[in-house]
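Asks: Got a structure for you, written out below as structure tokens; questions coming shortly.
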Amino acid sequence: MPAAPEPFDLRLDGATLLQQLQTLATVGHDPQQGGRTRIALSDADKAGRDLLVAWMRALDLQVHIDRIGNIFGTLPAAGDQEQQQVLMIGSHIDTVTNAGALDGCYGVLAGLAVARAYRAAGITPRRSICIAAFTNEEGVRYQPDMLGSLVYAGGFDLDQALDLIGTDGSRLGDELARIGYAGDLQPGALVPHEYLELHIEQGPILEAENRQIGVVENLQGISWQQITVRGSANHAGTTPTHLRHDAGWVAAATTVFLRELARDSGGSTLATVGCLQLQPNVINVIPRQAVFTVDLRDPDEQRLRAAEQRLARFLDETAASEGVSIAREPLARFQPVVFDPGLTRLISDCADELGLSQRPMTSGAGHDAQMLARIAPAAMIFVPSRGGISHNPREHTDDQQLLDGARVLLAVVRRRLEQA
Ligand code: HGY
Ligand code: MN
Ligand code: MN
């Protein structure tokens with residue numbers, strides 16, 4: 001029976017956590033549009049990465065970069081044997097366009113706050129604590145999203161990932177080298193003993209129910225595809241409707257169909273057409289081409305598959321009736337994930353002990369945790385998002401709520417490291 005751990009005091013340095021969130025939020029800030037944009041492997045992403053690495057070094061963490069650009073800062077355990085059972089805390093610091101300040105960054109910087117608490121207490125943890133920032137979680141320029149953690153978990157071939165061509169025509173591996181983050185560590189070389197991710201909810205539930213902590217038990221499945229419709233350009237004023245092969249109309253009809261599909265599901269399936277380009281994109285020309293994306297999500301794999309099949313049938317029927325050709329390119333496909341019940345119970349216990357209200361949740365957004373769950377016990381902690389808003393400069397969580405979440409993370413880490 002290991003000796004009872006010495007009681008020691010671990011204090012969260014909330015001021016530094018909040019300060020670092022605000023400082024990182026200035027990187028890539030756009031005064032016109034508001035928000036900040038740090039698209040993966042851009043110069044702004046590099047600036048954010050450089051800042052994070054500097055903060056890791058300031059905590060005297062061992063910094064490693066792997067070959068897909070994932071960043072790891074490790075607070076080593078005492079003794080060698082425990083170094084292998086690494087407790088990992090992670091998320092991402094790349095953003096969507098005109099993003100809020102907290103998505104991803106909160107989880108990475110709260111991880112630094114945990115390491116800072118151990119450093120400040122002069123305590124060497126019984127097992128190493130590793131803080132990870134994964135590459136290209138958002139998937140804006142390179143698909144699929146959650147790419148860095150997916151490669152790390154062995155779900156996507158490294159060389160294939162490095163050869164990915166972005167929406168701007170750039171090669172991922174070239175951009176990684178250009179910003180100086182093509183590391184030498186083999187992705188997945190360090191397998192975590194468990195993985196924790198603290199994240200804003202990015203949805204309306206915690207605020208609506210006035211709960212402080214979300215104990216994330218599962219995460220919905222995600223299906224991304226790009227659809228290219230090829231019709232015929234023609235004169236908007238002389239071409240009768242029944243003679244048209246209108247790619248723009250097909251894109252619009254598909255968008256309407258997807259809203260009805262989501263509504264028919266009773267709210268479990270979500271469907272989004274986020275990107276749409278028409279060619280030639282001229283007011284008096286019937287579009288000859290439409291390229292658009294479809295993002296389908298559902299917590300249940302069967303329902304998600306059924307939604308994909310219904311969409312495929314609709315597109316086949318519409319191609320025949322409108323006399324157009326339709327090509328579908330899969331961009332990402334992740335099954336729903338259930339997180340580790342032992343970890344979720346511990347999160348719930350710690351929230352209770354801290355006197356924080358809580359509720360079990362499903363994550364609507366994708367997260368790196370869903371990839372880490374392939375190789376280690378994983379779980380997530382949510383804090384409320386004001387108005388449920390995210391992927392938007394208006395993304396906001398109160399300082400106290402941010403600190404409550406970080407205190408739960410610190411308590412869970414401490415309890416986990418005290419367990420055998
Ligand atoms: O798409 C997502 O859910 C995540 O933000 N990448
Ligand atoms: Mn995120
Ligand atoms: Mn996001």
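Where a number appears in this text, it was derived from the coordinates with a stated rule and is not lab data. Quick caveat: nothing in here was measured; it's all calculated off a predicted structure. So basically every Cβ, Gly included, is an ideal-geometry build from the backbone, and we count neighbours across all protein chains shown.
Asks: FRET efficiency for Leu243 and Glu329, Cβ-Cβ distance as r, R0 = 41 Å, nearest 0.05?
Replies: Using R0 = 41 Å, I get an efficiency of 0.90.
Asks: Let me ask another. Expressed as a whole number of Å, what is the distance separating the alpha-carbon centroids of the stretch 370-416 and the stretch 86-102?
Replies: 11
Asks: So, one more: Distance from the Cα centre of the stretch 169-221 to that of the stretch 322-355, in angstrom?
Replies: Computed from Cα coordinates, the inter-centre distance equals 11 Å.
Asks: So what is the calculated 222 nm ellipticity per residue for the chain, using -39500 (n - 2.57) for each DSSP H run with n of 4 or more, over all residues, to the nearest 500 deg cm²/dmol?
Replies: Estimated from H runs of four or more residues: -10500 deg cm²/dmol.
Asks: Continuing with this model, one more query. Could you check the spin-label model distance between Gln400 and Gln160? Points 7 Å from the Cα along Cα→Cβ, value in nm.
Replies: Between Gln400 and Gln160, the label points sit 4.9 nm apart.
Asks: Ranked highest first by average number of other Cβ atoms within 10 Å, how do 35-45, 355-365 line up?
Replies: My ranking of the peptides, most packed first, is 35-45, 355-365.
Asks: At 0.36 nm per residue, minus the direct Cα-Cα distance, what do Ser321 and Glu209 gain on full extension? Give it in nm, one decimal, please.
Replies: Here the answer is 35.6 nm.
Asks: Could I ask something else about it? Only counting other Cβ atoms within 10 Å, I'd like His193, His367, His235 sorted with the fewest neighbours first.
Replies: His235, His193, His367
Asks: Roughly how compact is the stretch 82-139, stated as its Cα Rg over 2.2 N^0.38 Å to two decimals?
Replies: In units of the 2.2 N^0.38 Å rule of thumb, it is 1.31.
Asks: Pairs of alpha-carbon atoms within less than 8 angstrom and 6+ residues apart define the contacts here; what relative contact order does the stretch 277-420 have, in percent?
Replies: 17
Asks: Over what distance in Å are the Cα centres of the stretch 222-259 and the stretch 16-32 separated?
Replies: Cα centroid to Cα centroid, the span is 41 Å.
Asks: Binning at 10 Å from 0, report for the stretch 112-226 what percent of all alpha-carbon pair distances ends up in each bin.
Replies: Pairs per bin, as whole percents: 10, 32, 31, 22, 5, 0.
Asks: Please sort 341-354, 272-285, 62-75, 324-337 by packing, taking for each peptide the average over its residues of neighbouring beta carbons within 10 angstrom, highest first.
Replies: 62-75, 341-354, 324-337, 272-285
Asks: When the dipole is taken about the Cα centre of the chain, and only Lys, Arg (+1) and Asp, Glu (-1) are charged at their Cβ, what size is it in debye, to the nearest 20?
Replies: 400
Asks: Using the scaling law 2.2 N^0.38 Å as the reference, what is the normalised Cα Rg of the chain?
Replies: My calculation over the Cα atoms of the chain gives 1.05.
Asks: Relative contact order for the chain using alpha-carbon pairs under 8 Å, separation at least 6, rounded to a whole percent?
Replies: Relative contact order for the chain comes out at 21 percent.
Asks: Still on this structure: Compute from the Cα atoms of the stretch 226-334 the Rg and the Dmax, the latter being the longest Cα-Cα distance, and quote both in angstrom.
Replies: Every Cα atom of the stretch 226-334 included, Rg and Dmax give 14.7, 48 Å.
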